[in-house]
Amino acid sequence: MDSRNAGGRGGIPAPEGFRFSATSAGIRRRGGRDFGLILADRPCVYAAAYTRNVAKAAPVLWDLTRLDKARVQAVLVNSGNANAGTGEEGLKDCARIATAAARELGMPTRRIFLASTGKIGSRLPVDRILRALPGLKAEADPRGVDRFSRAILTTDTRPKLEHRTVHCGGRSAGLLGVAKGAGMIAPRLAAVPHATMLAFAMTDARVEQPELQRALAQAVERSFNRITVDGDMSTNDTVLVLASGRVALDRAAAARFNDALEEVLVSLAKQIVADGEGVTRCFTVAVEGARSGEDAQIQARAVAQSLLVKTAVHGGDPNWGRMLAALGSTLIPFSLEKLRILIGGVAVFSGGRGCSEVMLAKARGHLRAREVPVRISVGSGPGHATIYSTDLSRRYVAINAHYD
């Protein structure tokens, strides 16, 4: 299995059977491309995961209730407007867009997947979007993924892309992932049908829907469900995988495909964290020795999402007391005597007490790095989990005090 980060311009290989385009529909005030299309040459098997947020946006509700349960052929994504908190009117707007797109693209409405990202509470400028559809179709191209990846950004500073190749006999299946996300990032995705993070993966591998859904569920749990920027769950979070089915996989290649999907989504998740709003450094919280994996994830997330911990990381302060308090706030029992907290490999808390000033100075040195590892041992149990997080800066406050 070959891997190559596809984050740069040009030369990004699209899996066979997929085209991409982007245009300006006048949705974002600042202008530029804000409307993108992923178009498959034929209907694709798909798997999806959606936000658990009770206040789901209109496009999420559309996808959950109105899609063909087996196949998707086109994905329309707009930035600059979340189409969330828009009630029945928002759903009617989805219907108008999907119906017009189906007519323009020559396919049933039920095969149109919709996604939106941006400000909550305003209706989409549907008439502008409809006028943009013909140009979007005309410019669809296998080499258009860079344009698409930039059109779906909001407060992001750069696109997020990743690529893998899975070999099977004399043929190769491509897997391409594209994502956006910088703020309102604390996805807790439900991987069974039932600022924002959006991710789309396309492959020309042949994968049956149940297997693809299972692979996505596992990959999402180990990627997007392990990141946090600000602790806020979006109304629009969506992950979609499309499989065009052109390359058959044997059993061994199918296992490699599942690994590749997880690798792609983990890479995209980490890219989202690194590009978080106002981020100056990232940190990971790895908890080990917990009673269960669930306990470990709860404990790691409590530390990773603590505002006091995040501001301490921003200030380069190895404040183990804040981490200790965050752990305790979960109400999951642990022994202070067995607890160990390490920052960059330096034990700042061990044996029931904090470390010396000399060791704190060493920990401060590690906190000057762009990426900071925090490891916490809470006992001798089998549970372990890692959460990827960011610091909290003045820039984050400035961005979100006047989000538009």
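The values are calculated or read from the model by the stated rules, or taken from the named source; none is laboratory data. Just so it is clear, the structure is predicted and the values come from calculations on it, not from any experiment. Here the Cβ is made from the backbone with ideal geometry for all residues, glycine too, and neighbour counts use every protein chain on show.
Listed values, structure above:
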| item | result |
| --- | --- |
| Any hit, the stretch 319-330, residues being surrounded by fewer than 23 Cβ atoms within 10 Å (Cβ to Cβ) and either at positive phi or in contact with a strand residue (DSSP E or B) (Cβ under 6 Å, 6 or more places away or on another chain) (or both) | no |
| Unique match (being within 30 Å of residue 160 (Cα to Cα), touching a Gly at 6+ places or on another chain (Cβ under 8 Å), assigned by TED's automatic domain parsing to the domain that holds residue 387 and of a type outside the set (Lys, Arg)) among 303, 287, 309, 313 | 287 |
| Within the stretch 145-160, considering residues that are in a loop (DSSP other than H, G, I, E, B) and among the polar types (S, T, N, Q), the one surrounded by the most Cβ atoms within 10 Å (Cβ to Cβ) | 154 |
| Odd one out for residue 264, checked against (1) crowded, with 24+ Cβ neighbours inside 10 Å; (2) out of contact with any strand residue (DSSP E or B) (no Cβ under 7 Å at 6 or more places or on another chain) | (2) |
| Residues of the stretch 51-72 that turn out to be of a type in the set (S, T, N, Q) and more than 24 Å from residue 231 (Cβ to Cβ), as a count | 1 |
| Elements of type helices (runs of 4 or more DSSP H) in the stretch 266-330, at least 1 residues being within 21 Å of residue 155 (Cα to Cα) | 293-305, 307-314 |
| Restricting the stretch 104-144 to residues that are under 17 Å from residue 72 (Cβ atoms) and out of contact with any strand residue (DSSP E or B) (no Cβ under 6 Å at 6 or more places or on another chain), the residue that is surrounded by the most Cβ atoms within 10 Å (Cβ to Cβ) | 137 |
| Within the stretch 94-129, tally of residues that are of a type in the set (A, V, I, L, M) and at pLDDT below 95 | 1 |
| Qualifying residue in the stretch 382-395 (condition: closer than 28 Å to residue 268 by Cα and assigned to a helix (DSSP H, G or I)) | yes |
| Filter pass, residue 329 being within 21 Å of residue 228 (Cα to Cα), more than 24 Å from the chain's Cα centre (by Cα), in the same structural domain as residue 294 (by TED's automatic domain parsing) and hydroxyl-bearing (Ser, Thr, Tyr) | yes |
| Tally, over the stretch 331-363, of residues that are surrounded by 10 or more Cβ atoms within 10 Å (Cβ to Cβ), in a helix (DSSP H, G or I) and out of contact with any strand residue (DSSP E or B) (no Cβ under 8 Å at 6 or more places or on another chain) | 1 |
| Residue match in the stretch 243-252 (condition: assigned to a loop (DSSP other than H, G, I, E, B), within 30 Å of residue 154 (Cα to Cα) and among the hydroxyl-bearing types (Ser, Thr, Tyr)) | no |
| Subset tally (residues that are closer than 20 Å to residue 18 by Cα and surrounded by fewer than 17 Cβ atoms within 10 Å (Cβ to Cβ)) for the stretch 70-103 | 2 |
| Every residue from the stretch 276-311 that is crowded, with 22+ Cβ neighbours inside 10 Å, charged (D, E, K, R) and farther than 20 Å from residue 377 by Cα | 277 |
| Residue under evaluation residue 237, criteria (1) within 30 Å of residue 394 (Cα to Cα); (2) of a type in the set (Asp, Glu); (3) surrounded by fewer than 24 Cβ atoms within 10 Å (Cβ to Cβ), criterion not met | (3) |
| Top-ranked residue in the stretch 41-69 [being among the β-branched types (Val, Ile, Thr) and at pLDDT below 95; ranked as surrounded by the fewest Cβ atoms within 10 Å (Cβ to Cβ)] | 54 |
| Residue count for the stretch 131-144, restricted to those that are farther than 11 Å from residue 36 by Cβ and part of a helix (DSSP H, G or I) | 6 |
| Residue among 293, 315 that alone is among the small types (Gly, Ala, Ser) and within 17 Å of residue 363 (Cβ to Cβ) | 315 |
